[in-house]
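Read-outs throughout are calculated quantities, based only on the coordinates presented, and are distinct from any laboratory measurement. Since the model is a prediction, treat every value here as computed from it, not as a measurement. No Cβ is skipped: glycine too gets one built from the backbone with ideal geometry, and neighbour counts run over all protein chains shown.
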Amino acid sequence: MKRALMALCCLVASASIARAQNKAPAKSPAKPAAHITVARGDTAAPPPVIMREVFDYATNGRRDPFFSLLETSDLRPALSDLKLAGVLMDVSGRGRSVAILKDAQSTQYRVRIGSTLGRMRVAAIHRNAVVFLIDEFGASREDSLVLNDSTTARSK
């Protein structure tokens, strides 16, 4: 009995294979095989195409919102790059004092109270120092540059 059942199964299977080879396959949705794994090196698919939206903005006198708020001209000069070269004090107290600053490339800056250099604003000018308010990411801090004392003896 078992042999007869096994022979019948083989006969049905071979008949269905022969019929599938002679007849065009019917279009049916293919079910993905869950047990098949593909190694990463064996994939021959082309790399994915990344699409990007491009925006055009009519400024009409307004700032473009797609540009960074931090530009390199806004960040420079840094306080660490500057050296206080001299101070012209207004002794009358009218706030017309001028400080002369130099950076590493010997670029000279003349600033008054209220002048801005990058993210820094001059808060006060004293006889030997310039006080800056520095805006960093919404917070302000105060820092100063001090004029070197030229009356000290220099060693050779």
Check: segment 72-146 dipole with +1 on Lys, Arg Cβ and -1 on Asp, Glu Cβ, in debye: 320 debye
If you split all Cα-Cα distances of segment 72-146 into 5 Å bins from zero, what percentages do you get per bin, shortest first? 3, 17, 29, 27, 15, 7, 2, 0
